[in-house]
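Here is the structure we will look at.
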């Protein structure tokens with residue numbers, strides 16, 4: 001296995017829900033930290049979101065591994081942010097047998 005070129009600085013974020021004054025819930029995103037990664041486009045499609053067709057791009061993101069349960073280990077339902085771009089995390093798995101890197105599948109454009 002070749003060593004991935006982790007040349008993109010991404011901010012890992014997690015959704016936080018708080019009660020509002022009307023009995024509802026407000027969702028905000030909290031930064032958990034920066035992670036260096038490589039990003040490769042893997043395709044795309046148009047999807048109906050909110051009654052309109054929206055382009056959604058799919059990506060494979062590689063990062064250094066972190067132990068299960070660590071705040072620095074990405075999970076599905078979290079997201080990466082790079083400037084104005086948002087990558088919603090769909091799945092995370094070890095990329096190699098030595099568990100040195102994580103392979104993350106994400107989509108941009110669906111939120």
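The values are calculated or read from the model by the stated rules, or taken from the named source; none is laboratory data. All of these numbers come straight from a predicted model, not from anything done at the bench. Neighbour counts are summed over all protein chains in view; Cβ atoms, including those assigned to glycine, are modelled from backbone coordinates with ideal geometry.
Given the options 60, 110, 79, name the one that is modelled with pLDDT under 95 and touching a strand residue (DSSP E or B) at 6+ places or on another chain (Cβ under 9 Å).
110
Hey, can you tell me all the residues within segment 1-19 that are in a loop (DSSP other than H, G, I, E, B) and surrounded by 12 or more Cβ atoms within 10 Å (Cβ to Cβ)?
Passing the criteria: 4, 6.
Is segment 20-30 home to any residue that is in a strand (DSSP E or B), modelled with pLDDT under 95, loosely packed, with under 10 Cβ neighbours inside 10 Å and more than 16 Å from the chain's Cα centre (by Cα)?
Yes.
Taking residue 77 as meeting all but one of (1) at negative phi; (2) touching a residue at least 24 places away in the same chain (Cβ under 8 Å); (3) within 17 Å of the chain's Cα centre (by Cα); (4) exposed (fewer than 14 other Cβ atoms within 10 Å of the Cβ), write down the number of the exception.
Residue 77 satisfies all of (1) at negative phi; (2) touching a residue at least 24 places away in the same chain (Cβ under 8 Å); (3) within 17 Å of the chain's Cα centre (by Cα); (4) exposed (fewer than 14 other Cβ atoms within 10 Å of the Cβ) except (1).
List pairs: first residue in segment 17-44 and more than 29 Å from residue 65 (Cβ to Cβ), second residue not in a strand (DSSP E or B) anywhere in the structure, Cβ distance under 7 angstrom, at least six positions apart or on different chains.
26/20
Would you confirm, using the coordinates I've provided, whether residue 43 is assigned to a loop (DSSP other than H, G, I, E, B), at positive phi, over 13 Å from the mean Cα position of the chain (by Cα) and exposed (fewer than 14 other Cβ atoms within 10 Å of the Cβ)?
So residue 43 fails the test.
Quick one: is residue 91 exposed (fewer than 13 other Cβ atoms within 10 Å of the Cβ), closer than 17 Å to residue 41 by Cβ and in contact (Cβ under 8 Å) with a residue 12 or more places away in the chain?
Yes; evaluated as a whole, the condition is true for this residue.
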